[in-house]
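Throughout, read-outs are computed from the coordinates displayed, never taken from laboratory work. Everything numeric in this text was worked out from a predicted model, so none of it was measured. We place every Cβ from the backbone using ideal geometry, glycine too, and count neighbours over all the protein chains shown.
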Amino acid sequence: MKNQHQPVAVEGYPFIGLFAFVALFCAAVDWYCLATIGLGLTAFTVYFFRNPDRFPPENEKAIVAPADGKIIFVGKVPEDRYFDGQQVTKISIFMNVFNVHVNWVPITSKVLQQFYNKGRFFNASLDKASFENEQSGMLLETESGVKILCVQIAGLIARRIVTYPVTGNLLVRGQRYGLIRFGSRVDLYLPEGVEITAKLGTKTVAGETVLGYLQ
């Protein structure tokens, strides 16, 4: 898996290099106003692709937030893709442009199945984004057999979803597993039997904030 120990996600390197080159070029030809803009864009891009270390709780049954941001939905919904229409708890975390956009594995598990759907680019804070926006999902299974669906969803500006694992990979809670560029959300679907602790409006720290517990 990429980005396990780098302070800046590798996906940001091309953008950082481009803006830094523009800043240096403009400074070399005395275009100081444009050089300042290029320097500012370079600094913001480094900030956007920051990749801090996170420290999951010791309790191995704790399910942690896969993304930094704000919980904008917690509730029961039918899930047809992998749960045969059963009622499960959906937790939606919205990431704005200032949040860390690297995503973390919510629970130690195996990747059973994956999907990727091309879609539209509505504001990721809207409910319809869960169904109509471009998205990439992983069905995870814990050692005890609990299945959890984790879905990365592109937003109004985000046009690139990156998911590192492939089907069959074993993932460790708190491990980086991908990122979404420039404003987006992650939906987590938890089955019956999971103790839900997530609260609407909570600001989450990916890899650390506990959303629930396996029983």
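Relative to the first principal axis of the alpha-carbon coordinates of the chain, what is the inclination of helix 13-28, with its axis defined by its Cα atoms, in degrees from 0 to 90 and to the nearest 10?
Roughly 20 degrees between the two axes.
Hey, rough spin-label estimate for Asp53 and Val97, points 7 angstrom out along Cα→Cβ, what's it come to in nanometres?
Result for the modelled spin labels: 3.1 nm.
Pull up all non-local amide H partners of Thr204: gap of 5 or more, or a different chain, and H-to-H distance under 5 Å with H placed in the peptide plane.
Gly69, Lys70, Ile71
Between 0 and 90 degrees, rounded to the nearest ten: what's the tilt of helix 32-48 against the longest Cα principal axis of the chain?
Orientation of helix 32-48: about 20 degrees from the principal axis.
With +1 assigned to the C-beta of every Lys and Arg and -1 to the C-beta of every Asp and Glu, and no other charges, what is the dipole magnitude of the chain about the Cα centre in debye, to the nearest 20?
Value, rounded to 20: 300 debye.
State, to one decimal in nm, how far the label point of Tyr213 lies from the label point of Gln86, with both points 7 Å from Cα in the Cβ direction.
Distance between the two pseudo-spin positions: 2.1 nm.
Please list, ordered by chain and number, the residues whose modelled amide H lies under 5 Å from the amide H of Tyr164; skip anything fewer than 5 residues away on the same chain.
When sequence neighbours closer than 5 places are left aside, the close amide H contacts are Gly178.
Non-local amide H neighbours of Leu211 (under 5 Å, H modeled in plane, Pro and chain starts lacking H): which ones?
Ile63, Val64, Ala65
Label Tyr13 and Val77 with points 7 Å out from Cα along Cα→Cβ: what is the distance between them in nm?
3.6
Could you go through the range 133-146 in sequence order and give the Karplus-derived ³J(HN,Hα) for each residue, using 6.51 cos²θ - 1.76 cosθ + 1.60 with θ = phi - 60°, rounded to whole Hz, and x for Gly and Pro?
Per residue, the Karplus-derived 3J(HN,Hα) values read 7, 4, 7, 9, x, 10, 8, 9, 10, 7, 4, 7, x, 6 Hz.
Show me the chymotrypsin sites (Phe, Trp or Tyr not before Pro) within the range 1-89 that DSSP assigns to loop and that have at most 16 other Cβ atoms within 10 Å of their Cβ.
Listed in order of number, the matching sites are Trp31.
So what's the back-of-envelope 222 nm ellipticity for the chain, counting only DSSP H runs of four-plus at -39500 (n - 2.57) apiece and dividing by all residues, rounded to 500?
Rounded to the nearest 500, the figure is -5500 deg cm²/dmol.
Provide, for q = 0.12, 0.13, 0.16 Å⁻¹, the log10 of I(q)/I(0) from a solvent-free Debye sum over equal Cα point scatterers in the chain.
Here the Debye-derived log intensity ratios amount to -0.61, -0.70, -1.01.
If you find the alpha carbon centre of the range 12-47 and of the range 79-115, how far apart are they in angstrom?
Measuring centre to centre over Cα atoms gives 35 Å.
Can you figure out the FRET efficiency of Leu112 with Phe44, using R₀ = 41 Å and their beta-carbon distance, to the nearest 0.05?
Efficiency, from the Cβ-Cβ distance: 0.60.
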